[in-house]
Amino acid sequence: MMAGSRGWLPVSTLRGHVSLPSLARGLHSSIGVRKEPDKSIGNTTVLLQDGTTIEELPAVVRIINGEFRVVGQGQAGQRLGGLGLEIPQVSRNLFKNINFEEEQEMILGFMRCNKVSEVLQLLEVCPEAEVTPVVALAVIRRIFDLENNIEYRNQGINQYPEENQFTFMRGAVMKRLVETVCSSSDDQLLVDTLRAMGRDTYQGDRLKYLEALCTECMVAITEGRLSIVQICEAARAFHTLGQEGIRYLDQLWQGLTDRTAEMGEKEVCEVMSVLPLMKKSRKHVYNMVERRLGGVWHRLSSEDVIRVLQILVQLKMSHSRMLPMLSRWTSLNIHTLTEGNLRWLVYCFMTLDFCDSEIQKALGRFMKAKRTSIKDPSLVAVVLDYCVKMRLRHPAIMDASSLFFSSRAKDLSVPQINSVCRSFGLLNYEPPDAATFFLTLEQLLDEKFVQFPPDLMIDLLLSCVYLKRYPLNFIKKVFNPYFFDKVHSLEPPEMRVARTKLMVLDKALCLEAPHYPGPMLPRDNSAKSFWRDARIYRCLNTIHPLLVEVVGSEERITRSAILPGFPSTNLYVVDCVVDMAGRLSLHSFRWSNNKYALLMHPPEHFMLKEDILVGPQAMRVRHLTHCGFKVVSLRTDMITKLRIYPEQLRNYIENMMKMATV
């Protein structure tokens with residue numbers, strides 16, 4: 001790149017008549033003239049205290065006149081010169097006599113080029129003064145457009161083989177164009193050029209021009225010349241550059257921290273969008289955004305809230321302090337949300353395992369007001385999936401969903417039918433219009449039986465059993481070889497779960513349905529090991545000495561009893577059996593009224609903030625009661641709470657055993 005008055009490169013170079021050494025000498029002299037000594041940067045690490053947290057973060061070091069200066073808080077926005085004076089930020093365009101119409105004509109001229117060689121030829125005949133930073137960016141984009149053209153991609157060969165004059169010229173031209181852009185006072189132009197570099201598919205040495213551009217961007221950020229939105233655009237551009245740009249990402253926290261006061265609702269969303277790109281400085285930037293969100297959350301739009309929640313889902317931040325703010329926002333704006341936006345909000349909250357009183361009230365008000373007027377059935381399905389996962393048994397939501405299903409059942413797909421109907425059984429909630437509800441469900445299952453995957457069908461039938469509704473009309477369709485073939489076509493883990501659920505369904509109907517012609521399945525005598533909750537074992541160890549005092553003898557206590565005749569599943573493992581007649585014998589099992597089945601229930605066995613058992617556990621209690629046990633339901637959280645008060649814990653156990661009835 002010769003800095004002559006007539007152009008960039010001689011035409012003879014393009015035609016191969018000038019040797020590489022002469023061109024290299026011209027490049028060396030040109031680059032040496034344009035090099036600026038105050039644009040050198042380095043890397044270091046700093047210790048930053050944020051409240052009670054101390055973090056080690058990467059930082060940018062400016063090398064000015066041989067001295068190292070770390071740009072920290074309060075220094076952004078200053079351009080430090082050799083004498084320590086601030087240089088005013090005045091646009092250089094004010095001092096140039098530029099004809100902007102001619103500038104646009106120049107850009108259009110480059111757009112007419114159909115080959116990279118034509119672009120280089122046109123650059124040679126253009127006066128250097130007319131190749132402004134705006135024109136330079138347009139030329140860079142045009143080169144990338146031509147290089148990414150399908151004509152070149154289908155050649156299957158490298159467009160720029162190594163040790164080629166064209167390769168050398170291409171790198172030199174790009175370096176000169178980047179230097180022209182870096183000389184501009186328009187910071188947005190700098191960011192746009194960095195974004196354009198993400199389309200660069202050149203296989204040669206890109207560091208010749210990428211390093212200069214990245215350095216200039218980091219200098220602009222540390223000097224406070226870029227806004228928060230521009231810094232976020234630069235962060236995304238750095239990420240698209242690959243390893244050449246990713247190393248700069250964790251240093252952007254300096255520019256963001258110095259502009260925290262300028263952060264509004266738009267800037268909050270922009271900064272959140274670049275958090276997944278960061279690693280070492282992610283926690284610091286997140287804490288900064290979290291504090292700022294406390295003052296602007298009420299001004300967010302629905303799209304902004306969904307965007308923030310999706311980032312939290314991507315980062316798996318289920319314990320974020322942002323969630324209560326976004327929950328409060330949802331409660332305040334529930335009347336203005338579209339069904340699509342609400343569906344996304346509920347899905348994100350469900351993925352993050354977050355539920356509070358604001359969300360419950362908001363969903364209750366929405367479902368109670370809309371009922372059958374909801375246009376999107378998937379919204380009802382997502383809301384009920386959320387209720388199942390969070391064990392939320394809200395009457396307004398359940399009643400409205402029941403009415404919606406009874407009136408709009410034909411509009412539901414198979415997954416939506418499963419999501420809506422299984423929730424009532426799992427949440428142990430009897431629909432207010434139970435007769436209409438189950439009649440509608442029976443008709444749907446009869447019409448679409450073959451459309452249901454076997455595991456979903458078994459889940460639906462079990463959910464009916466949880467509510468003491470017995471699907472006897474589908475027994476012949478389920479317990480037949482054709483359905484078993486569909487079960488065995490599932491993946492091995494899913495197949496084993498489905499077979500176990502089939503045995504539970506068979507046993508439940510044998511115990512509860514008087515007209516059930518079962519059992520339909522042979523008894524499972526295979527030896528199996530069961531996963532047991534460690535909390536249950538700890539609670540059993542805690543109450544064991546007290547339980548011996550209550551029942552009078554250790555011989556009467558059997559822990560983790562596997563009952564004969566029941567399916568081999570964890571559901572039917574009794575945590576502790578107390579047989580007042582002596583030690584329980586599994587070989588000669590006798591049903592009597594002197595046996596107590598002590599069940600340890602962790603919090604997830606109950607509805608959220610209620611003492612009502614979920615559907616499977618309620619069915620478990622019924623089955624044990626049907627077999628003659630006095631079922632004693634003990635809460636693990638209550639045992640843990642009273643473990644330091646032995647007398648109160650003993651009274652708790654005695655009272656629960658007295659309340660147990662057959």
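Among the candidates Asp433, Asp455, Asp353, which residue alone is of a type in the set (Asp, Glu) and farther than 29 Å from Phe474 by Cα?
Unique residue meeting the criteria: Asp353.
Within region 148-183, track down each residue that is open to solvent by less than 60 Å² (accessible area, probe 1.4 Å), at pLDDT below 85 and among the small types (Gly, Ala, Ser). Within region 148-183, Gly171, Ala172 meet the criteria. I want to confirm something. Restricting to region 200-231 and keeping residues that are of a type in the set (D, E, K, R) and assigned to a helix (DSSP H, G or I), which single residue is surrounded by the most Cβ atoms within 10 Å (Cβ to Cβ)? Restricting to residues being of a type in the set (D, E, K, R) and assigned to a helix (DSSP H, G or I), the top hit is Glu216. Of all the criteria given as (1) closer than 24 Å to Ile374 by Cβ; (2) open to solvent by 40 Å² or more (accessible area, probe 1.4 Å); (3) part of a helix (DSSP H, G or I), the one not satisfied by Pro324 is (1).
Selection of region 243-256 for residues being in contact (Cβ under 8 Å) with a residue 40 or more places away in the chain and among the polar types (S, T, N, Q) yields Gln251, Gln254.
If you go through region 608-621 and pick out every residue that is over 14 Å from Val574 (Cβ atoms) and surrounded by 20 or more Cβ atoms within 10 Å (Cβ to Cβ), you end up with 3. Scanning region 367-402 for residues that are in contact (Cβ under 8 Å) with a residue 60 or more places away in the chain, at negative phi and either out of contact with any Cys (no Cβ under 7 Å at 6 or more places or on another chain) or not in a loop (DSSP other than H, G, I, E, B) (or both) turns up Met390, Arg393.
To keep it simple, each residue is scored yes or no on (1) crowded, with 20+ Cβ neighbours inside 10 Å; (2) more than 43 Å from the chain's Cα centre (by Cα); (3) not assigned by the TED database to the domain that holds Ala597.
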position	(1), (2), (3)
His488	no, no, yes
Leu505	yes, no, yes
Leu509	yes, no, yes
Tyr516	no, yes, yes
Thr542	no, no, no
Val551	no, yes, no
Arg559	no, no, no
Thr569	no, no, no
Val574	yes, no, no
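Put simply, of Ser407, Ser423 the only residue that is in a helix (DSSP H, G or I), open to solvent by less than 30 Å² (accessible area, probe 1.4 Å) and closer than 25 Å to Met457 by Cβ is Ser423. Does Leu624 satisfy the condition of being under 17 Å from Leu547 (Cβ atoms), in the same structural domain as Val578 (by the TED database) and open to solvent by less than 50 Å² (accessible area, probe 1.4 Å)? Answer is no for this residue.
The rows are residues; the columns are (1) open to solvent by 90 Å² or more (accessible area, probe 1.4 Å); (2) more than 25 Å from Pro431 (Cα to Cα); (3) outside any helix (DSSP H, G or I).
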| site | (1), (2), (3) |
| --- | --- |
| Leu460 | no, no, no |
| Val465 | no, no, no |
| Lys468 | yes, no, yes |
| Asn473 | yes, no, no |
| Lys476 | yes, yes, no |
| Tyr482 | yes, yes, no |
| Thr500 | no, yes, no |
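I want to confirm something. Restricting to region 259-274 and keeping residues that are surrounded by 20 or more Cβ atoms within 10 Å (Cβ to Cβ) and within 15 Å of the chain's Cα centre (by Cα), which single residue is nearest to Lys316 (Cα to Cα)? The residue in question is Met272.
Exactly one residue out of Ile311, Ile334, Ile246 is aliphatic (A, V, I, L, M), open to solvent by less than 40 Å² (accessible area, probe 1.4 Å) and more than 20 Å from the chain's Cα centre (by Cα): that is Ile334. For region 194-242, the set of residues classified as polar (S, T, N, Q), free of Cβ contacts under 8 Å to residues at least 60 places away in the same chain and under 28 Å from Thr260 (Cα atoms) consists of Ser227, Gln230, Thr240, listed by residue number. Residue pairs whose Cβ atoms lie under 8 Å apart, sitting 6 or more positions apart in sequence or on different chains, and linking a residue in region 542-564 that is over 15 Å from Met580 (Cα atoms) to a partner that is of a type in the set (Val, Ile, Thr) and open to solvent by 20 Å² or more (accessible area, probe 1.4 Å), are Thr542/Thr640.
The values are calculated or read from the model by the stated rules, or taken from the named source; none is laboratory data. Since we're looking at a predicted model, the values are computed, not measured. So basically every Cβ, Gly included, is an ideal-geometry build from the backbone, and we count neighbours across all protein chains shown. Quick note on the areas: whole protein, heavy atoms, side chains included, nothing else; ligands and nucleic acids left out. Shrake-Rupley method; radii C 1.70, N 1.55, O 1.52, S 1.80 Å.
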